[in-house]
Amino acid sequence: SVDDKIFDYFHDYSSLIDPQKEKITIKHMLTMSSGLQWNEWDVSISQGNHDIVCFNQSSDPVYYLLSKPVVTEPGTAYYYNGGGVDLLGEIVRKASGINVKSFSHTHLFSPLGITNYNWQTLYPSGITCCHGDVYITPRDMAKIGYLYLKKGMWNGTRIISEEWVNVSIQNHITPPVNWAYGYGYLWWLKRYHAGIHTYYSFNAEGWGGQQIIIIPSENMVVVFTGANYVSDPPNDEIMNNYILPALN
């Protein structure tokens, strides 16, 4: 359940529990609202105090994350925390008995006919990197978008429950950004504008411009890849000025 407490899966770290941390649930990790102190968007990735860099290089990333103090009430404030996504991957491993690489192969990628992909491993810890760096082709990115567009169905076979898809793309919390109006379970909720038309979407977004955009009203999936690592990618401009106007 998304209402499970995260420490229910990490008994080895019980010494880190305090009354606030004890409240943190899987849902809080899915919605980036754990309340744990984290520094990922406010500093350059080249700086020594960038938490995702320190997390990646830690011999025990789970300890690194869970040892952070709670600075806001869990569930009340958004702050992007990539380490929390890796923690979700570890919960998948503990709940299923197999790591994310094997789980995704059996239950997601293989049913979708996706064979050309690679998950990265964090060293020296050896845990699977879930917050980014999944190598996958644009066509296969589109398959994942299409799976969600069709409420978890693929070629007549149910891969993900419709209930999970629906709750994943609901607005659970408002992120402090001007380019998205809401956030689901790791999905960004965005509006695009072309002329007098407004299009509502839910998006998977990665660093540099990697993006899966689903616009249900138009039965549309759009995929971008890019390498805009030091500047904002032009994806929104391309959507608003070129792709969406072509619909009308």
Practice task
Note the per residue figure in Å³ for the convex hull of the C-alpha positions in region 84-171.
Solution key: 112 Å³
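Rank-order 182-189, 234-241 by packing density, defined as the average count of other C-beta atoms within 10 Å over each peptide's residues, highest first.
On the way: 182-189: 20.1, 234-241: 14.8.
Per-residue Cβ counts within 10 Å, averaged per peptide and sorted highest first, yield 182-189, 234-241.
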Practice task
Anything over 32 Å Cα to Cα? Flag those among Lys21/Lys101; Lys68/Lys150; Lys23/Lys150; Lys68/Lys101; Lys23/Lys143, in the order listed.
Solution key: Lys68/Lys150; Lys23/Lys150; Lys23/Lys143
Practice task
Would you mind calculating the gained length between Tyr200 and Glu163 on full extension (0.36 nm times residue separation, minus the Cα-Cα distance), in nm to one decimal?
Solution key: 11.4 nm
Practice task
Return an integer: the convex hull volume of the alpha-carbon atoms of region 65-127, in Å³ per residue.
Solution key: 129 Å³
Exercise for the section: Round to a whole angstrom and tell me the spacing of the C-alpha centers of region 1-73 and region 186-248. Expected result: 30 Å
Fill in the blank from the handout: For the pair Ser1 and Ser44, the simple spin-label estimate (label points 7 Å beyond Cα toward Cβ) gives in nm 4.7 nm
Completion exercise
Rounded to one decimal in Å, the inverse mean reciprocal Cα-Cα distance for region 103-248, i.e. its Kirkwood radius, is 16.4 Å
Handout entry: Potential extension, Ser15-Lys151 segment - 0.36 nm per residue separation minus Cα distance
Key = 44.9 nm
Practice task
Treat each spin label as a single point 7 Å out from the Cα along the C-beta direction, and report the Val53 to Asn228 distance in nm.
Solution key: 2.3 nm
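Rounded to two decimals, what ratio of Rg to Rh does the chain give with C-alpha atoms and a Kirkwood Rh? Walk me through the numbers on the way to the answer.
Numbers: Rg = 18.3 Å, Rh = 19.2 Å.
Radius of gyration over Kirkwood radius for the chain works out to 0.96.
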Practice task
At 7 Å along the Cα-to-beta-carbon direction for both Gln37 and Ile238, put a label point, then send me their distance in nm to one decimal.
Solution key: 4.0 nm
Exercise for the section: Taking the chain as the reference, fit the longest principal axis to its C-alpha atoms, fit the long axis of helix 82-96 to the helix C-alpha atoms, and give the angle between the two in degrees, 0 to 90, nearest 10. Expected result: 80 degrees
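Sorted by average packing, counted as other Cβ atoms within 10 angstrom per residue and highest first, what order do 18-25, 34-41 take? Could the numbers behind the result be given before it?
Values: 18-25: 15.6, 34-41: 19.6.
Result, highest mean first: 34-41, 18-25.
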Handout entry: Length-normalised contact order of the chain in % [C-alpha pairs under 8 Å, at least 6 apart]
Key = 13 percent
Handout entry: Percent of Cα pairs exceeding the 15 Å cut-off, where the set is region 162-248
Key = 60 percent
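Please report the orientation-averaged projected area of region 1-129, defined via the convex hull of its C-alpha atoms, in nm².
Working: hull surface 34.4 nm².
Mean projected area for region 1-129: 8.6 nm², to one decimal.
To the nearest 0.05, what FRET efficiency results for Tyr135 and Ser110 with a Förster distance of 22 Å applied to their C-beta separation?
Values: r = 17 Å, r/R0 = 0.76.
With R0 = 22 Å, the Cβ-Cβ based efficiency is 0.85.
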Completion exercise
Per 10 angstrom bin, beginning at 0 and ending with the bin that holds the maximum distance, the Cα pairs of region 1-62 fall in percents of 19, 43, 32, 5
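Read-outs throughout are calculated quantities, based only on the coordinates presented, and are distinct from any laboratory measurement. This structure is a prediction, so every number in the text was calculated from the model and none was measured. With ideal geometry, Cβ positions are generated from the backbone for all residues, glycine too; neighbour counts draw on all protein chains shown.
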